[in-house]
Amino acid sequence: MPDHRMLVVAHRAGNTVAGLRSALASGADLVEADVHLYRGALEMRHSRTLGPHLYWDRASGVTRRRDVVVPELDEILAVAGGDPRLLLDLKGRSRTVAARVAETLRTRRPGVPVAVCTKVWPMLDAFAGDANVRRILSVANSPQLARLRTRLRRERVDGVSIRLRLLTAPVVAELLRATDLVLAWSVDTEAAHARAERLGVTGVVTKKA
């Protein structure tokens, strides 16, 4: 068994003020928060919009917007203060969300360390030159993993976050030659945690933080 301690990323905990406070108090290494740009607002939620009045999430199903309290990024940043453990997961495909998040971080928390990840890798260009931002490339499927492996043969990156079922020990070893941060998601059972340990990842994204 590997003798390293894996980092713990509190999955989606930063999408509510209470969840953020609890995850920070529990000692999580990073607290993930999902950022959507909707009608000019940077909303912290995992749910997708279904028109102007509804949200949808696989876990909770359809909910009405008026019944759900959704904080905005400014509020989450205010609660986090100078704590460097935020991991902002940029949602959607428009690069505008990345530009808005980058502008907000520079204004609200200049110089404070923060991690940012996305499956739409060009979004990370919005943070180029921001030394306090750790840019993490997220991978959800096999074709994207193949593209990542090709890219990492040419350059080093700040970090990667990859669906657990896509990983093997040789792939993890290959990734670690190009980055010191390999996160596996989602790791919510003892079996999944044991597998992540065997693979040699450096951290897990889990709801059990």
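The values are calculated or read from the model by the stated rules, or taken from the named source; none is laboratory data. Everything numeric in this text was worked out from a predicted model, so none of it was measured. Backbone-built Cβ (ideal geometry, glycine too); neighbour counts: all protein chains shown. These area figures cover heavy atoms from the full protein model, side chains too; ligands, DNA and RNA do not enter into them. Shrake-Rupley method; radii C 1.70, N 1.55, O 1.52, S 1.80 Å.
Only one of the values [x] 114; [y] 125; [z] 133 was calculated from this structure for volume of the Cα convex hull per residue in Å³; name its label.
From the options [x] 114; [y] 125; [z] 133, the structure gives [y].
Per residue, what volume in Å³ does the convex hull of the Cα atoms of segment 109-163 enclose?
Working: hull volume 4.3 nm³, N = 55.
Expressed per residue, the convex hull around the Cα atoms of segment 109-163 is 79 Å³.
Please report, as a whole percent, how much of the solvent-accessible surface of the chain comes from carbon and sulfur atoms (probe radius 1.4 Å).
Working: 5310 of 10460 Å².
That share works out to 51 percent.
To the nearest 10 degrees, how steeply does helix 190-199 sit against the main Cα axis of the chain, on a 0 to 90 scale?
50
Go through segment 1-33 and name the trypsin sites (Lys or Arg not before Pro) that are in a DSSP coil and have 16 or fewer other Cβ atoms within 10 Å of their Cβ.
5
Give me the dipole magnitude in Debye, nearest 20, for the chain about the Cα centre, with unit charges on the beta carbon: positive for Lys and Arg, negative for Asp and Glu.
640
Out of segment 102-209, which trypsin sites (Lys or Arg not before Pro) are coil in DSSP terms and have no more than 10 other C-beta atoms within 10 Å?
On the way: sites: 106, 108, 119, 134, 135, 147, 149, 151, 153, 154, 156, 163, 165, 177, 195, 198, 207, 208; in loops: 119, 153, 154, 156, 177, 207, 208.
Those that pass, being in a loop and sparsely packed, are 153, 154, 156, 177.
Could you sort 158, 34 by their accessible area in this structure, using a 1.4 Å probe and putting the largest first?
Highest to lowest solvent-accessible surface, that is 158, 34.
Roughly speaking, what is the centre-to-centre gap between segment 1-46 and segment 67-108 when only Cα atoms are used, to the nearest Å?
Using only Cα atoms to place each centre, the spacing works out to 11 Å.
Just add up the charged neighbours of residue 195: K/R +1, D/E -1, any other residue whose Cβ is under 13 Å from the Cβ of residue 195.
Summing Lys/Arg as +1 and Asp/Glu as -1 gives 0.
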